[in-house]
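Data block below; observations after.
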Amino acid sequence: MIDFLFSQYEDYSTLQIILEIIAVLFGLVSVWFAKKNNILVYPTGIVSTVIYIYLLYKWELIGDLLINIYYTSMSIYGWWLWSQKKENQVEYPIANVSKKEIGLGIVIFIITVFFVVLVYHFFNKFTSWTAYVDTFTTGIFFVGMWLMAKRKIENWILWIIGDIVSIPLYFSKGYTFTSLQYVIFTVIAIYAYKEWKRNLVN
């Protein structure tokens, strides 16, 4: 069982393995803070995504690299939005997505997928099924991150979909720790959706 899960790491450097574990831990902490509607989701998330940017560059995973560059920039944007207050009240509280935001989200998804397809064609990365799935998950996560920055409860639905797809995706790529991270992400996202929904009602 151990060999099945971790034999992929035989050719990896110790530094890369340690960095992946650190990135996973900070990623889990970040999602936990997001579940709690705590602004610390962003600084902890930035640590994770910056480490992944380095690792994904070394692993030549272009789509995943783009996702984490976007995560980092959106984390800065979300950190700023979540810190805004009016009369000592949070300016952007938990809310449902509007029809306009649904339309904009669809546009973001389409543009993202189109962009990733162009990048993959340029780098000749459409060599396995994982590349095609990457285009889908990238679009899902781009919209999910944008909705989280705006504190829209529907962001969790997109995270759940993307996380479930990412579990076998990352395992097949040989990144067991990251795959296990997405298992935990999925569980946290389900509970986070329920918790945000309760806060929305109250």
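Note down the magnitude of the dipole of the chain about its Cα centre, charges +1 on Lys and Arg C-beta and -1 on Asp and Glu C-beta and zero elsewhere, to the nearest 20 debye. Don't skip to the answer; put the middle values down first.
On the way: 15 positive and 13 negative charges, 187 e Å.
Approximately 900 debye in magnitude.
Computed from the alpha carbon atoms alone, the convex hull of the range 86-164 holds 95 Å³ per residue. For the range 97-177, a simple Cβ point-charge model (Lys and Arg +1, Asp and Glu -1, everything else neutral) yields a dipole of about 220 debye relative to the Cα centre. Only helices enter this figure: runs of n ≥ 4 DSSP H residues, each worth -39500 (n - 2.57), summed and divided by the residues of the chain, yield -26500 deg cm²/dmol at 222 nm to the nearest 500.
I'm checking a number: the convex hull volume of the Cα atoms of the chain, normalised per residue, in Å³. What is it? Present the calculation step by step, with values, prior to reporting the outcome.
On the way: hull volume 22.9 nm³, N = 202.
Per-residue hull volume (Cα only) is 113 Å³.
Here the Kirkwood formula, the inverse mean of 1/r across different C-alpha pairs, assigns the range 16-98 a hydrodynamic radius of 13.7 Å.
Between Val107 and Val90, the contour length at 0.36 nm per residue exceeds the alpha carbon distance by 3.3 nm. Only lysine pairs 8 or more places apart or on separate chains count here, and in the chain those with Cα atoms under 19 Å apart total 25. Take the alpha carbon atoms of the range 141-185, find their center, do the same for the range 22-65, and report the distance between the two centers in whole angstrom. Between the Cα centres of the range 141-185 and the range 22-65 lies a distance of 11 Å. Relative to the longest principal axis of the Cα atoms of the chain, the long axis of helix 99-122 lies at roughly 20 degrees. Computed over all pairs of different Cα atoms, the Kirkwood value for the hydrodynamic radius of the range 133-202 is 12.4 Å. Candidates Trp129, Leu25, Trp156 compared by Cα position along the dipole of the chain: farthest toward the positive end lies Trp156, with charges placed on Cβ.
Per residue, how big is the convex hull around the C-alpha atoms of the range 50-127? Give it to me in cubic angstrom, could you? Numbers along the way, then the final one.
Numbers: hull volume 8.5 nm³, N = 78.
Per residue, the Cα convex hull of the range 50-127 comes to 109 Å³.
Just so you know, all these numbers are worked out from the coordinates, no wet-lab data involved. Just so you know, these numbers come straight off a predicted model, no measurement behind them. Positions of Cβ are backbone-derived with ideal geometry, glycine not excepted, and every protein chain shown enters the neighbour counts.
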